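The structure under discussion appears below in the form of structure tokens.
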Amino acid sequence: MDFFQPVTIQGSRVALEPLSHRHLDDLAAAGADEAIWRYLPSAHHLPGTMASFIDMALASHQRRTALPFATVDLAVGKAVGSTRYHHIDTEHRRLEIGVTWIGTGFQRSHINTEAKLLQLWYAFEVLGCRRVELKADVENAKSRAAILRLGATEEGLFRKHMLYADGRNRDNVYFSIIDDDWPAVRERLSAKLGYAVAPKYTPAG
């Protein structure tokens, strides 16, 4: 299975589509809140800056280092955020879910929960991953708590692990979900959603 094959992963109320410039207007609107970008590698809230976010994501896919998605709310038919697989190691069947953001008006809703279920389902049940990693800035208590609520295991602190574009230091806390954990994690996410999700995927092109 090609880890870098663009696919649409669809659930009941959310779809993850291959990120492209056709999502530009939706994402520019969804990402206009500066607070969204505090813990992301670069900020794209200002008018005219979302195009560079998409360009960088597509370049990482071209280099076969990431598989980026637009997160689509099927009820409104619009992209409301973005996420990706990156730090992909096909030999050892592991990857990281990251660079995830959702528009302020769609946070604390079903969107992120179902999107994570779809990403984890595709990683474990289609790609055959043994391990999925997630990380958060040690200062980002909200993100760390959300990752733990997925059923991930906190593994440790990587000090001075990254620099933000504005020069700030980033110490990262790493988490993982392994294939042995996945059945319980899937059940947990399904219970949290409170509705059935039968994921499916369609290769692009």
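Points worth noting:
- Whichever residue in segment 158-205 is closer than 30 Å to His44 by Cα and β-branched (Val, Ile, Thr) and, among such residues, is nearest to the chain's Cα centre (by Cα): Ile177
- Taken together, the criteria exclude Arg144 from residues that are in contact with a helix residue (DSSP H, G or I) (Cβ under 9 Å, 6 or more places away or on another chain) and part of a helix (DSSP H, G or I).
- Selection count where residues are open to solvent by 30 Å² or more (accessible area, probe 1.4 Å) and among the small types (Gly, Ala, Ser), scope segment 5-19: 1
- Within segment 25-37, the set of residues being crowded, with 19+ Cβ neighbours inside 10 Å and part of a loop (DSSP other than H, G, I, E, B) comprises just one member, Gly31.
- Scanning segment 142-176 for residues that are surrounded by 13 or more Cβ atoms within 10 Å (Cβ to Cβ) and small (Gly, Ala, Ser) yields Ser143, Ala146, Gly151, Ala152, Ser176.
- The lone exception for Gly81 - which of (1) without any contact (Cβ under 8 Å) to a residue 12 or more places away in the chain; (2) under 17 Å from the mean Cα position of the chain (by Cα) it fails: (1)
- Sole exception among (1) assigned to a helix (DSSP H, G or I); (2) in contact (Cβ under 8 Å) with a residue 60 or more places away in the chain for Arg22, by number: (2)
The values are calculated or read from the model by the stated rules, or taken from the named source; none is laboratory data. What you see is a predicted model, and the numbers here were worked out from it, not measured in a lab. Glycine gets a Cβ as well: all are built from the backbone with ideal geometry, and neighbour counts include every protein chain shown. These accessible areas exclude ligands, DNA and RNA; they are computed on the full protein's heavy atoms, side chains included. Shrake-Rupley method; radii C 1.70, N 1.55, O 1.52, S 1.80 Å.
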